[in-house]
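Remarks on the structure that follows.
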Amino acid sequence: MKSTVEQLSPTRVRISVEVPFEELKADFDRAYKALAQQVRVPGFRPGKVPARIIDARVGRGAVLEQVINETLPGRYSEAVSSSDVKAIGQPEIEVTKIEDGDHFAFTAEVDVRPDIALPDFDSIEVEVEKSEVTDADVEEQLEELRKRFGTLTPVERGIENGDFVTLDLSATVNGEEVDDATASGLSHEVGSGQLIEGLDEAILGLSAGEQTEFTTKLLAGDHAGEEALVSVTVGTVKTRELPEVDDDFASLASEFDTVEELREDLRQKAEQSKKSQLGNDIRDKVIEALLDAVDIPVPENVVQSQVDEQLHNAVHALDHDEETLNRLLEAQGKTREEFDSDSREAAEKVIRTQLLLDAIADSTEVSVGQQELFERIFFEAQRYGMEPQQFIQELQKQPNGIASIFADARRTKSLVEVIRKATVKDADGNVIDTSDIFGSEDAEEVAESAEGAVEDTASDDDAEATAEEAEAAEK
């Protein structure tokens, strides 16, 4: 098999492939054997019909078509691998020549990862907000804990912000009742803004049993984006009484005996939360700095595929009704053109980021071990509320499912490599030690050595097989 690669653009190539028929003997034998089982010819037993008779009965052209169609995917993959093309997305394949008995030829146009000139990672410098836990942070958590253990008490007065009410709601559009905007005995915290826009303002001051009306735009359903007249009747009004902050409360709300111990635990949790937020902030800022420092052309077909997927997900949530989407956007003060533009901008940024991190992973020779891949799978399984084995089985049902998890883990690891070399400062110009958040290279080397020394378990075996599968798919 011979193949050549023509660069059409920084992000697209055309691969021309020529396959001699002598390499297809096994494919033809397999095709004729399968057809021999299907064709019934007097004088020949099933499976024993000669190739020349099959050609006469079904036509040589049909046999050629079957053989070529079956062999194309493998030959395309072989051409990509042998030419070291970093293909992304689905190829557009066209058979250009068939010379029976000699060879056939085809071309495949496919998007590829562009060459990216990476900056010196040591030159990357970013600034993030200071991460300090204050007494106010601790008191805020303590207040949230008090709310969880608060009690609701009925009150005979007008509704105030923070009250808890039960409501009966109904809505009409142009005098016609809207079925999916009707509710009875609906619980609501006044001031939370979690229900219909304008509701909280309309019911302030009302007492139990009183009724009012107001107009608003519906955000969902068949009348999304349309003006509706909403009628609301107040059922009950309750206020939340919070427990006193004392040792009894500490014992009730936690495993601690004193408020001082509870506050210290809340402080530690706040520090961990701040540390996590700081880590996310550093990641985002470093990615932005990298994207600003390099020119990354994006493959148009891949971008369009991402945009189409976003639109499909948005419309799917609205029962595949694009008109409902348009009305919903209008209610949010947004045009369809703005939605499409934002979707494309978001898609381009996602793809540029992926291409960038893949290039960094290649340049730094980042590898993902079986334990690291399994940890990533375990993390994703937790997000979806699934057992790791079940999650792996679901991934295996999807095209490139495991490979995508592998690629994400590799990209995350490559970003950490850059963060370790970059300079991160707070708003006062103080350098932040990122090893406290992302670990150090020395610690990682120790961890990798330990991973190799750990005895295999059933889960590790699965992870090893999964890692090998992902690496193969990545290549």
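For the reader, a short list of remarks on this structure follows.
- Residue in segment 125-136 that is free of Cβ contacts under 8 Å to residues at least 12 places away in the same chain and aliphatic (A, V, I, L, M) present: yes
- In the condition set (1) part of a helix (DSSP H, G or I); (2) surrounded by 17 or more Cβ atoms within 10 Å (Cβ to Cβ), E345 is compliant with all but (2).
- Per this entry, T182 is counted among residues that are surrounded by fewer than 16 Cβ atoms within 10 Å (Cβ to Cβ), of a type in the set (V, I, T) and more than 29 Å from E271 (Cβ to Cβ).
- Number of the condition not met by G191 [criteria: (1) in contact (Cβ under 8 Å) with a residue 24 or more places away in the chain; (2) touching a Gly at 6+ places or on another chain (Cβ under 8 Å); (3) farther than 30 Å from V138 by Cα]: (3)
- Output for segment 350-375, where each listed residue is small (G, A, S) and not in a loop (DSSP other than H, G, I, E, B): A359, A361, S363
- Scan of segment 14-62 for residues that are without any contact (Cβ under 8 Å) to a residue 12 or more places away in the chain and either closer than 30 Å to P299 by Cα or among the acidic types (D, E) (or both), ordered by number: E22, D29, D55
- The residue that is nearest to the chain's Cα centre (by Cα), counting only those in segment 3-38 that are more than 29 Å from S83 (Cα to Cα) and surrounded by fewer than 16 Cβ atoms within 10 Å (Cβ to Cβ), is A34.
- Among residues of segment 304-324, those that are touching a residue at least 60 places away in the same chain (Cβ under 8 Å) and out of contact with any helix residue (DSSP H, G or I) (no Cβ under 6 Å at 6 or more places or on another chain), counted: 2
- Considering residues of segment 209-225 that are within 32 Å of the chain's Cα centre (by Cα) and of a type outside the set (A, V, I, L, M) only, the residue surrounded by the fewest Cβ atoms within 10 Å (Cβ to Cβ): D222
- Pairs linking a residue in segment 252-273 that is modelled with pLDDT of 95 or more and of a type in the set (D, E) to a residue that is surrounded by 12 or more Cβ atoms within 10 Å (Cβ to Cβ) and not in a helix (DSSP H, G or I), with Cβ atoms under 9 Å and 6 or more positions apart or on different chains, are E261/S254; E264/F256; D265/S254; D265/F256.
- Residue-level check: of (1) at pLDDT below 90; (2) at negative phi, G333 misses just (2).
- Wholly enclosed helices (runs of 4 or more DSSP H) of segment 376-447 bearing at least 2 residues farther than 22 Å from L118 by Cβ and among the aromatic types (F, W, Y): none
Residues checked against (1) modelled with pLDDT of 95 or more; (2) assigned by TED's automatic domain parsing to the domain that holds G185; (3) closer than 27 Å to G150 by Cα:
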site: D222; (1), (2), (3): no, yes, no
site: A228; (1), (2), (3): no, yes, no
site: V234; (1), (2), (3): yes, yes, yes
site: R283; (1), (2), (3): yes, no, no
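- Failed item in (1) modelled with pLDDT under 50; (2) crowded, with 18+ Cβ neighbours inside 10 Å; (3) basic (K, R), with R411 passing the rest: (1)
- Selection from segment 289-303 of residues that are in a helix (DSSP H, G or I), touching a residue at least 12 places away in the same chain (Cβ under 8 Å) and of a type outside the set (A, V, I, L, M): E300, N301
- Which numbered condition F374 misses (of (1) touching a residue at least 12 places away in the same chain (Cβ under 8 Å); (2) among the aromatic types (F, W, Y); (3) surrounded by fewer than 16 Cβ atoms within 10 Å (Cβ to Cβ)): (3)
- The single condition from (1) at pLDDT 90 or above; (2) more than 30 Å from S435 (Cβ to Cβ); (3) over 15 Å from the mean Cα position of the chain (by Cα); (4) surrounded by 13 or more Cβ atoms within 10 Å (Cβ to Cβ) that L356 fails is (2).
- Selection from segment 89-105 of residues that are at pLDDT 90 or above and within 31 Å of the chain's Cα centre (by Cα): P91, E92, I93
- Filtered residues of segment 1-15 (kept if in a strand (DSSP E or B) and farther than 22 Å from K97 by Cβ): Q7, S9, R12
- Within segment 293-315, tally of residues that are under 21 Å from E92 (Cβ atoms) and surrounded by 15 or more Cβ atoms within 10 Å (Cβ to Cβ): 8
- Residues in segment 232-255 that are under 40 Å from the mean Cα position of the chain (by Cα) and either among the polar types (S, T, N, Q) or crowded, with 16+ Cβ neighbours inside 10 Å (or both): V232, A250, A253, S254.
- Qualifying positions in segment 370-409 - more than 29 Å from A87 (Cα to Cα) and under 16 Å from the mean Cα position of the chain (by Cα): Q382, R383, Y384, G385
- Qualifying helices (runs of 4 or more DSSP H) (wholly inside segment 16-106; at least 3 residues being out of contact with any Phe, Trp or Tyr (no Cβ under 6 Å at 6 or more places or on another chain) and acidic (D, E)): 60-82
- Matching residues, segment 56-79, being under 50 Å from the mean Cα position of the chain (by Cα), surrounded by fewer than 16 Cβ atoms within 10 Å (Cβ to Cβ) and not basic (K, R): V58, G59, G61, A62, E65, N69, E70, P73, G74, S77, E78
- Only residues that are acidic (D, E) and over 23 Å from D102 (Cβ atoms) were counted in segment 46-86, giving 1.
The values are calculated or read from the model by the stated rules, or taken from the named source; none is laboratory data. Note that this is a predicted model, so its numbers are computed, not measured. Heads up, the Cβs are rebuilt from the backbone with ideal geometry, glycines too, and the neighbour counts pull from every protein chain shown.
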